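Engineer: Take this structure, written in structure tokens, and hold onto it; I'll ask about it next.
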């Protein structure tokens with residue numbers, strides 16, 4: 001396993017009190033695979049993603065747990081070690097490449113900055129590598145001289161990918177890399193990402209709220225809800241035969257051009273306020289299949305070798321799936 | 001209880017008054033603005049009651065019981081801040097000084113803000129040639145150095161506190177004008193203005209009901225700072241010798257002290273208090289402006 | 001914050017938005033066009049200010065000739081002046097002559113000093129320039145460093161002391177600050193001279209090297225300090241405000257994620273971005289200070305343009321007053337233009353919205 005988190009718990013101090021954005025998460029990212037991390041806004045996926053690279057918001061901190069990268073726990077290895085390894089082992093493609101490039105420096109110079117200052121290359125070698133990287137992501141080398149505002153949205157995203165790959169990382173975290181782009185460009189970027197992943201053999205953690213992105217490009221998917229991991233497994237299994245009611249609801253809520261006219265069924269209600277989360281299963285208030293047992297929080301358990309979920313009614317998954325495909329199930 | 005019919009479409013006057021009331025509420029709700037407002041009230045009270053509070057006439061030359069000039073006396077029970085070289089009571093001068101300060105401050109600030117807001121509204125909303133002309137005029141106003149201009153005006157006009165008011169009215173509306181125009185341009189293109197226009201609201205109505213509430217906080221913000229500008233300018237002008245000679249202002253006191261060698265004699269009681277008074281009232285203005293600033297740019301708590 | 005005035009955001013309507021859209025234009029052309037339009041704006045304002053001054057001096061009560069001819073001049077001198085300024089001609093002709101004279105640098109002769117106004121102004125201009133530049137540089141360097149520090153540290157204890165102090169520095173009349181400093185450091189402690197730019201009659205007061213003499217520096221210290229105290233508030237608040245905004249930007253977070261050193265993140269990326277408006281403010285500050293220094297020059301008897309203006313007005317020396325005012329205005333308008341240039345040149349994004 002390239003990266004695994006053990007009981008990772010991350011808290012925030014806000015003006016309205018403390019809350020835990022991520023609670024007891026055991027995420028596993030294998031080598032050479034694209035893992036999707038999916039959930040609605042506020043479920044903690046970005047917090048989790050940023051914790052893996054160790055650069056979080058000022059009022060966030062890791063309360064407990066481990067982040068084991070190639071066997072070594074980053075959390076207990078100290079800030080200096082983590083900072084030193086940053087970008088070399090794990091890189092990050094930000095949500096909106098629009099603003100992630102410094103507007104007053106040329107794009108090429110920002111690439112060189114990483115290559116020279118962190119990669120230890122001399123200028124000539126760095127320039128060649130920069131051109132290589134641009135070629136890799138499909139941008140003409142002469143664009144290295146341009147400023148960020150001269151790039152189109154799609155190009156900026158590609159530049160961000162090039163930056164992320166600069167030091168040959170083993171894991172790249174892509175936080176909503178295509179959300180801000182139009183559909184056609186989305187496809188292109190995702191194709192580029194997929195292609196690069198296969199060529200370089202890296203792992204990718206793709207954080208998104210869009211299931212169709214997951215379906216298109218991921219090998220595995222992890223579903224998060226209200227700070228907890230609720231289901232995880234191969235993408236075909238989780239999307240095709242979801243075990244957790246929330247996953248089932250997600251499938252219903254997304255358009256799928258493959259199937260003939262289907263009504264989109266939203267999951268009614270809203271995620272709980274994490275300042276004061278429910279004691280039992282966090283999805284229980286919205287779950288159509290809730291029973292008494294749900295007042296106790298369920299643990300993540302294996303459905304089979306590659307598939308895990310956290311639901312007391314895991315065993316009845318097939319029957320529940322049938323009910324879940326009915327519109328009436330989701331209406332109160 | 002029978003339901004009261006709610007007027008959905010407020011009249012221009014109602015909407016305008018409502019936004020004024022909102023702005024007035026800032027003075028009570030915001031901690032800083034409230035403190036500033038309190039200080040202002042205190043100064044206004046002092047100005048109004050100066051005649052009663054001051055032990056002496058500020059211009060009266062005083063003599064000691066044995067007929068000597070009561071000049072350059074250190075602070076005492078009789079003269080809490082001592083006397084000037086000419087034998088005038090400094091404390092009384094300080095109290096009476098609030099009058100010209102407030103007069104100049106409030107009147108000048110009013111004109112500065114009124115003209116600036118008007119220019120900004122008209123230029124921003126009308127656009128086109130009107131906007132261009134008004135902006136060129138604003139450019140010219142920005143091209144005139146303010147203090148030198150007041151000085152030059154003083155060459156031609158009789159010394160009076162109104163010179164400062166005139167000069168500020170002619171020139172210092174420029175900041176307010178530009179910023180308000182900027183704000184109007186931003187607001188103008190928002191959807192609800194389009195909706196109002198399409199549904200046939202008159203220009204005046206749109207201005208008063210929709211645009212004004214977005215713009216008035218800026219006016220008041222600049223207004224509260226402009227009072228400080230006016231008082232500082234008046235002080236500078238008086239210090240330079242171009243100020244009114246009939247009224248005792250703080251600037252006049254400072255000039256008097258300077259010319260009477262109060263600095264070399266270490267007569268702190270003479271030249272420190274007037275400056276402090278200016279500092280206090282200007283800071284009060286800053287505090288009030290902070291209240292309006294928080295409406296315009298609410299600080300996100302993190 | 002209005003105390004850190006929004007310079008950049010309200011620069012006024014573009015003067016030539018009527019320039020036709022040319023898709024072939026390179027970025028250089030766009031910048032050149034923008035600079036040209038700002039330059040034209042500057043010339044327009046200068047012309048307008050000169051015209052206003054002309055009208056003010058002509059329209060004042062009393063004999064309009066008084067603006068140029070002191071009754072104590074001899075008959076010949078009066079005739080010569082009549083000729084030079086066309087004072088016996090109709091107003092519009094006088095105006096043309098006035099503009100012509102201005103362009104040639106002829107501002108008339110001072111009543112008091114009996115010397116050409118232009119040469120008097122050039123004599124004292126370096127003093128004002130020296131004072132302004134030294135004060136501004138000190139103010140901006142300290143302001144920027146403190147502002148960036150405050151933004152980085154964000155401790156409310158530090159801010160709780162620093163910000164009120166800054167407010168006080170901007171609320172206090174500069175001349176009052178000067179008076180206090182004079183009283184303490186000059187009269188009480190005797191460390192610095194009480195006024196002037198040079199010790200009277202000293203040999204150091206001649207030649208270009210005089211600005212580096214110890215004598216000059218000793219005289220410069222208190223007035224420059226006074227101005228610096230007054231002026232540092234703006235760059236401090238502006239830099240702090242900009243840094244706070246910039247530190248929240250995504251590219252700063254990215255810089256941290258790339259594992260760059262703290263120095264690289266704070267200075268090369270954050271401060272570099274936050275500094276742009278401050279540089280513009282610096283250029284503008286030069287313009288405003290040249291005129292605003294009047295009171296400080298008076299307190300310290302500093303022989304600069306401001307003090308010359310005050311003396312001229314007090315003595316009804318109209319040509320000198322007019323000339324001094326014009327010079328101050330010209331510097332200010334020119335610096336506004338320079339600030340615009342800086343803003344355009346330093347921020348690569350600006351060229352986008354031609």
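Engineer: Taking the 0 to 90 degree range and rounding to the nearest ten, how far is the long axis of helix B:128-143 tilted relative to the main principal axis of chain B, both from C-alpha atoms?
Structural biologist: 20
Engineer: Once you have a ≥ b ≥ c as the square roots of the Cα gyration tensor eigenvalues for the range C:191-322, tell me rounded if a/c is under 1.5, and otherwise prolate or oblate according to whether a/b is larger than b/c. List each step's numbers first, then the result.
Structural biologist: Working: a/c = 3.67, a/b = 2.24, b/c = 1.64.
Verdict is prolate for the range C:191-322.
Engineer: Any idea what the relative contact order of chain A is, in percent, if you count C-alpha pairs under 8 Å spaced at least 6 apart? Intermediate values should be presented prior to the final figure.
Structural biologist: Numbers: 605 pairs, mean separation 64.9, N = 332.
Computed over chain A, the figure is 20 percent.
Engineer: Oh, and also: Mind checking which of B:83, B:176, B:132 has the largest fluctuation in a GNM of chain B, springs on alpha carbons under 10 Å?
Structural biologist: With Cα springs under 10 Å in chain B, the top fluctuation among B:83, B:176, B:132 is at B:132.
Engineer: Going 7 Å from the Cα of residue A:68 along its beta-carbon direction, which residues of the range A:285-305 have the amide nitrogen within less than 19 Å of the resulting point?
Structural biologist: From the range A:285-305, the list is A:300-302, A:305.
Engineer: Report the Cα centroid-to-centroid distance between the range A:116-166 and the range A:45-65 in angstrom, as an integer.
Structural biologist: Each part's Cα centre sits 27 Å from the other's.
Engineer: Now for a different question. What is the gain in length, in nm to one decimal, between residue C:212 and residue C:263 on full extension, counting 0.36 nm per residue of separation less the C-alpha to C-alpha distance? Mind dumping the intermediate values first?
Structural biologist: Working: separation 51, 0.36 × 51 = 18.36 nm, distance 3.47 nm.
Full extension of this stretch gives 14.9 nm more.
Engineer: For chain B, what relative contact order do you get, as a whole percent, if you take Cα pairs closer than 8 Å and at least 6 residues apart? Each step should come with its number before you reach the end.
Structural biologist: Working: 421 pairs, mean separation 75.6, N = 302.
Across chain B, relative contact order equals 25 percent.
Engineer: Would you mind computing the Rg to Rh ratio of chain A from its alpha-carbon coordinates, Kirkwood style for Rh?
Structural biologist: Working: Rg = 20.7 Å, Rh = 20.9 Å.
On the Cα set of chain A, Rg over Rh gives 0.99.
Engineer: Explain nothing, just the number: relative contact order of the range A:242-330, from Cα pairs under 8 Å at least 6 residues apart, as a whole percent.
Structural biologist: Details: 93 pairs, mean separation 30.5, N = 89.
Relative contact order comes out at 34 percent.
Engineer: First obtain the Kirkwood hydrodynamic radius of the range A:100-168 from its Cα pairs, then insert it into the Stokes-Einstein equation at 37 °C and 0.692 mPa s, and state the resulting D in µm² per second as a whole number. Before the final figure, lay out each step's value.
Structural biologist: Values: Rh = 11.6 Å.
Taking Rh from Cα pairs, D becomes 283 µm²/s.
Engineer: Could I ask something else about it? What's the exposure ranking of B:45, C:296, B:165, going from fewest to most Cβ atoms within 10 Å?
Structural biologist: Details: B:45 12, C:296 27, B:165 23.
Arranged by neighbour count, lowest to highest, B:45, C:296, B:165 become B:45, B:165, C:296.
Engineer: OK, next. Rg to Rh for the range A:242-330: what is it, with Cα atoms only and Rh by Kirkwood? Can you show the working numbers first?
Structural biologist: Details: Rg = 13.8 Å, Rh = 14.1 Å.
When Rh is taken as the Kirkwood radius, the ratio is 0.98.
Engineer: Compute the distribution of all C-alpha to C-alpha distances in the range C:255-350, in bins of 10 Å from 0, and list the percent of pairs in each, rounded to whole numbers.
Structural biologist: Reading the bins upward from 0: 15, 30, 22, 16, 11, 5, 1.
Engineer: Can you put C:258, C:248, A:198 in order of Cβ neighbours within 10 angstrom, beginning with the fewest? List each step's numbers first, then the result.
Structural biologist: Working: C:258 25, C:248 14, A:198 11.
Ordered from fewest to most neighbouring Cβ atoms within 10 Å, C:258, C:248, A:198 come out as A:198, C:248, C:258.
Engineer: Using a Förster radius of 60 Å, what is the FRET efficiency between residue A:4 and residue B:29 based on their Cβ-Cβ separation? Nearest 0.05, please.
Structural biologist: Working: r = 52 Å, r/R0 = 0.86.
Calculated transfer efficiency: 0.70.
Engineer: Right, something else. Per 20 Å bin, what percent of the C-alpha pairs of chain B does each bin hold, from zero upward?
Structural biologist: 29, 48, 20, 4, 0
Engineer: I'd like the distance between the alpha-carbon centres of the range B:54-98 and the range A:167-222, rounded to an integer number of Å.
Structural biologist: 83
Engineer: How much of the DSSP bridge set in the protein assembly as shown is antiparallel, in percent, rounded to the nearest 5?
Structural biologist: Values: 31 of 50 bridges.
If I count the DSSP bridges inside the protein assembly as shown, around 60 percent turn out antiparallel.
Engineer: When the Cα centres of the range C:137-168 and the range C:271-291 are compared, how far apart do they sit, in Å?
Structural biologist: 17
Engineer: Per residue, how big is the convex hull around the C-alpha atoms of the protein assembly as shown? Give it to me in cubic angstrom, could you? It would help to have the intermediate numbers written out before the result.
Structural biologist: Details: hull volume 251.7 nm³, N = 988.
Each residue corresponds to 255 Å³ of Cα convex hull volume.
Engineer: Still on this model: Please arrange A:203, B:182, C:301 by how many other C-beta atoms lie within 10 Å of their C-beta, fewest to most. Please report the intermediate quantities before stating the final value.
Structural biologist: Numbers: A:203 22, B:182 19, C:301 15.
Going from least to most buried by this count: C:301, B:182, A:203.
FYI, it's all coordinate maths here, none of it is from the lab. Quick caveat, the model's predicted, so the values are computed rather than measured. All Cβ positions, glycine included, derive from the backbone under ideal geometry; neighbour counts span all protein chains shown.
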